[in-house]
Amino acid sequence: MVFSSSFFILLFLPLFLVSYYITPSRYKNYVILAGSSLFYIWGAPKFIFVLFGSIVLDFYLAKFIYNAPQLRKKWYLILSVSLNTGILLYFKYANFFVENINDILQSMGYKQIGWIQVALPIGISFFTFHELSYIIDVYRGVKPPLKKITDYAVYILLFPQLVAGPIIRFSEIADQIQDRKNQLNVDSALLGFFRFAIGLTKKVLIANTLGAEADRLFGLQAEDLTFATSWLGAIAYTFQIYFDFSGYSDMAIGLARMMGFVFPENFNNPYISQNITEFWRRWHMSLSRWMRDYLYISLGGNRVSTARLYFNLWIVFLISGFWHGAEWTFIIWGAYHGLFLVLERLFLDKLLLHTTKVIRMLYAFFVVVIGWVFFRANDLPHALLFLERMFTVDLSSFYFTLDFRILCFLVLAFIFCFMAGFSRIEKFESDVFTFRNTKTAVTSYIVVGLLLTIISLGYITSSSFNPFIYFRF
Amino acid sequence: MNIRFKNILFTIVIIGLFAPLIQQTFNIPQPGLKGSYLPTEKPVLSWGSWFDGSWQQQYSDYYETTFGFRPWLIKIKNHIEFNLFRKVHSGMILGKEDYLFERAYIDSYLGKDRIPFDSAKFQVEKLAYIEKHLLQKNTLLLAILAPGKGSFCAQYIPDNLHPENRNISNYYQYRLLLERTGLPFVDFNNWFLAIKDTSTRLLYTKFGVHWSAYSTHYVTDSLIRKMQSLTGNYWGYYSSNNEKQSKTPKEGDDDLMEILNTMGTRSGDTYSYIDIKFHPKGKLPKVLIIGDSYVWTPINHGALMSSVADGSQYLYYNHDVYTYSEGQLNQKGIKEKSAVPEDVEGFDFIILCNTEPNLKEFGSGFIDAYYKKLTGTDKAPSQL
């Protein structure tokens, strides 16, 4: 089940919300459990057992960690981390490893390993990271383990963040699982709905439109790919992935808000960044925070030699890239960003300080766009072909007619992405999302939210409707 | 601020989210969607289909096409797409000055769907064989080349489709072949083009795919005269009066815009409508019409069936069977295209009517089916 579907918005969500609101506080978590289980089972019924199994396992391992003496704590931690990462490695990366080993074996003339492709449980990257966060936070003494397994299950299964994040660290939500009376009020519900509507619009109107164009351009044959079309494709994808991902995060944050949970922000106008370091403080912030808290710090953080620090940074980003998908292109994307992070610390930042804000923003945007080519391309040769076209200047290739609709959405995307580069607009944007307690403001939120939802639903449902004028036989 | 006011607002939100479910549950009337489409079947639930996730996907797809107020949502989206971005359905083309086309009409005008000349020749040879056989049974055959919007409104075809790069079309092939073989036919395509510049009323509308409702009084009048000239008999005439002008199109005159399903977009054209009446004088012929959707306009607006006898039939695409009786044309069922009506030789006239895009299957399969029935073979008449 996806948030941007009529089924979710018009059937699951209203039924869930009404059930949730009418249930007494002490039973609300059970409603969340039931709704979230149904949400997951709807999309992946077979894998619910993997999820339930890992929930039971981690809940009791966390208890053992909390109650065990120091030495055994570490072993339980190692066991839990190994099991969780093992499950992730198996389901998400086994196919990748076997394919690559088989490629090597084939090139050496050996027989390939027989292998049946493993299916990927939906959301495994996210719920594994949530489970690891829980275990590690308990181990570090940041938070005690939850007393009830059902509360822990709520943390893992909570449907707003279950399949596509944001990655919520246990410490950020632990108290809210057990008591969120202060956040569960009509103000949160109204703001949550508005936030959901904004996210839905970003995903359905902007991301899907630009995504279709990006798909078309990334699908061009080599002979049709030109300087202009390759740049157009790269930029279309750059905007698509932002509005898709941030839109989905907005929907998740909005849904959680309607339930009384306050999720941390996941995006903060990343394309106005002035270097890659800043970009990663604005893009998929929940992943950055998770990687910092549970991987980077575990590798030594900033308390190591400079060379080791740079190596750690690069490794963290390599793993981040790999986390996104089992393809070499994701690994290269992660390594590419890690490289620029290191280069900026080495000398690039000092160099950029001598330039203007606009130049720095252009530099960061350029680096990011190039990186997205790896992220989007079908495989490494495709990425290299695309990049080759992007750097083969041919101004005559711009002689084509850009679809007016695509142009409108590109301009809209550009405005929404870069307008926060102006401090006044960034403040205005912040004000919009801060709840104003006036009748006009609140009514405006809801009217705009409903209108955007209606229009988005129109786009969602129309994609399946393309009638003939008359049947022909 | 008043908590009660906020609670009311949020209640409105929840009711809004429930509105489609309420509409579906209580069957609150709503406008339908125009156009032909296959409904999605409700999936049957089983353990297997639940467990492998296929039922959930099918049910979601089913829900996607059946939830309440969906037509309104589609209309809102299409209205935005057309009026803001000038977007139309795939299969449709928005031409110059907002003329709407079905893609097939432009392709057939440009000759892109042309069948090989030998294939067209073979069809006409078979038709000539059929005509000779039918004459022995006192049944007359008449072919109608209906006009196509691609030909009639060629000046509105967008430049990016290169209307100047035209090849021989199926229409030209069949026109040539019918003339050569001497088979009786009416070329409304050529005739419409001939009167296009002098007509003071719309023969084709901006948003319609068929000849206009107004134009059909020319069509039925011409048709009856042709049929009477072929038989030498006289069985009546058409009169028209009470012409009205309107900015609101009647059904069929903006059928392409209708299937765009917007909130209501007007072309700004002035439509003309006229009352047509047939005055019977003598025994009416029993007619079998095999044709495409172009036949509907003369039926609905040109009183075509008033000039034929009870028992006449219309085989829509040689598939849907409509029988005329006591002033009503009712669907009696469907048939296979390969099936020939049992009483085919009992008609006074057999009329084949196709517009340009359907000329690649001229006769909608009737020629092949009847020829096979008569000869038992697919060989050319010259090889029999």
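The values are calculated or read from the model by the stated rules, or taken from the named source; none is laboratory data. Given the structure is predicted, the values throughout are model-derived calculations rather than measurements. Backbone-built Cβ (ideal geometry, glycine too); neighbour counts: all protein chains shown. Side chains included, ligands, DNA and RNA excluded: accessible areas come from the protein's heavy atoms. Shrake-Rupley method; radii C 1.70, N 1.55, O 1.52, S 1.80 Å.
Worth pointing out:
Per-residue answers, yes or no, for (1) more than 14 Å from chain A (Cβ to nearest Cβ); (2) aromatic (Phe, Trp, Tyr); (3) open to solvent by 30 Å² or more (accessible area, probe 1.4 Å):
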residue: B:LEU284; (1), (2), (3): yes, no, yes
residue: B:LEU288; (1), (2), (3): yes, no, no
residue: B:TRP296; (1), (2), (3): no, yes, yes
residue: B:ALA303; (1), (2), (3): yes, no, no
residue: B:TYR316; (1), (2), (3): no, yes, no
residue: B:GLY333; (1), (2), (3): no, no, no
residue: B:ALA339; (1), (2), (3): no, no, yes
residue: B:GLU342; (1), (2), (3): yes, no, yes
residue: B:ASN354; (1), (2), (3): no, no, no
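- Scanning the stretch A:428-443 for residues that are in a helix (DSSP H, G or I), open to solvent by 70 Å² or more (accessible area, probe 1.4 Å) and at pLDDT below 80 yields a single hit, A:PHE428.
- Matching residues, the stretch A:9-19, being under 26 Å from the mean Cα position of the chain (by Cα) and more than 8 Å from chain B (Cβ to nearest Cβ): A:PHE12, A:PHE16
- Some residue of the stretch B:286-293 being at pLDDT below 95 and hydrophobic (A, V, I, L, M, F, W, C): no
- Residue in the stretch B:129-143 that is open to solvent by less than 20 Å² (accessible area, probe 1.4 Å), away from chain A (no Cβ under 14 Å), over 19 Å from the mean Cα position of the chain (by Cα) and hydroxyl-bearing (Ser, Thr, Tyr) present: yes
- All of A:PHE49, A:PHE91, A:PHE96 fail the test of being touching a residue at least 12 places away in the same chain (Cβ under 8 Å) and out of contact with any Leu (no Cβ under 6 Å at 6 or more places or on another chain), apart from A:PHE96.
- So A:ILE469, is it at the interface with another protein chain (Cβ under 9 Å from one of its Cβ atoms), under 29 Å from B:PHE101 (Cβ atoms) and modelled with pLDDT of 95 or more: no
- The listed residue being among the aliphatic types (A, V, I, L, M), within 14 Å of chain B (Cβ to nearest Cβ) and either closer than 27 Å to A:THR306 by Cα or surrounded by fewer than 16 Cβ atoms within 10 Å (Cβ to Cβ) (or both), out of A:VAL342, A:VAL411, A:VAL368: A:VAL411
- Subset tally (residues that are buried (at least 20 other Cβ atoms within 10 Å of the Cβ) and of a type outside the set (Phe, Trp, Tyr)) for the stretch A:56-73: 4
Let's see how each residue does on (1) closer than 27 Å to A:SER6 by Cβ; (2) buried (at least 20 other Cβ atoms within 10 Å of the Cβ); (3) at pLDDT 95 or above:
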site	(1), (2), (3)
A:GLN176	no, yes, no
A:PHE196	yes, yes, yes
A:THR201	yes, yes, yes
A:ILE241	yes, no, no
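- Qualifying residue in the stretch A:444-462 (condition: within 30 Å of B:PRO357 (Cβ to Cβ) and either at pLDDT below 75 or within 12 Å of another protein chain (Cβ to nearest Cβ) (or both)): yes
- Residue match in the stretch B:143-163 (condition: closer than 30 Å to B:THR377 by Cβ, touching a Leu at 6+ places or on another chain (Cβ under 9 Å) and of a type outside the set (Gly, Ala, Ser)): yes
- Per the listing A:ASP403, A:ASP379, A:ASP394, the residue uniquely under 28 Å from the mean Cα position of the chain (by Cα) and not small (Gly, Ala, Ser) is A:ASP379.
- Qualifying positions in the stretch A:301-332 - free of Cβ contacts under 8 Å to residues at least 40 places away in the same chain, open to solvent by 40 Å² or more (accessible area, probe 1.4 Å) and not in a helix (DSSP H, G or I): A:ASN302, A:ARG303, A:VAL304, A:SER305
- Counting only residues that are buried (at least 20 other Cβ atoms within 10 Å of the Cβ), more than 9 Å from chain A (Cβ to nearest Cβ) and assigned to a helix (DSSP H, G or I), the stretch B:71-95 holds 1 of them.
- 3 or more residues more than 10 Å from chain A (Cβ to nearest Cβ) and open to solvent by less than 50 Å² (accessible area, probe 1.4 Å): qualifying helices (runs of 4 or more DSSP H) within the stretch B:1-70: none
- For the stretch B:149-191, a tally of residues being more than 20 Å from B:PHE366 (Cβ to Cβ), in a loop (DSSP other than H, G, I, E, B) and under 25 Å from the mean Cα position of the chain (by Cα) returns 8.
- The listed residue being within 18 Å of A:GLY123 (Cα to Cα), modelled with pLDDT of 90 or more and within 24 Å of the chain's Cα centre (by Cα), out of A:ILE48, A:ILE32: A:ILE32
- Given (1) under 30 Å from B:GLY16 (Cα atoms); (2) open to solvent by 50 Å² or more (accessible area, probe 1.4 Å); (3) in contact with a Leu (Cβ under 6 Å, 6 or more places away or on another chain), number of the condition A:TYR76 does not satisfy: (1)
- Qualifying positions in the stretch B:96-125 - within 14 Å of chain A (Cβ to nearest Cβ) and either among the basic types (Lys, Arg) or open to solvent by 40 Å² or more (accessible area, probe 1.4 Å) (or both): B:ARG103
- Residue within the stretch B:294-310 that is on the phi > 0 side of the Ramachandran plot, of a type outside the set (D, E, K, R) and touching a residue at least 24 places away in the same chain (Cβ under 8 Å) present: yes
- Tally of residues being within 14 Å of chain B (Cβ to nearest Cβ) and part of a helix (DSSP H, G or I) across the stretch A:20-49: 12
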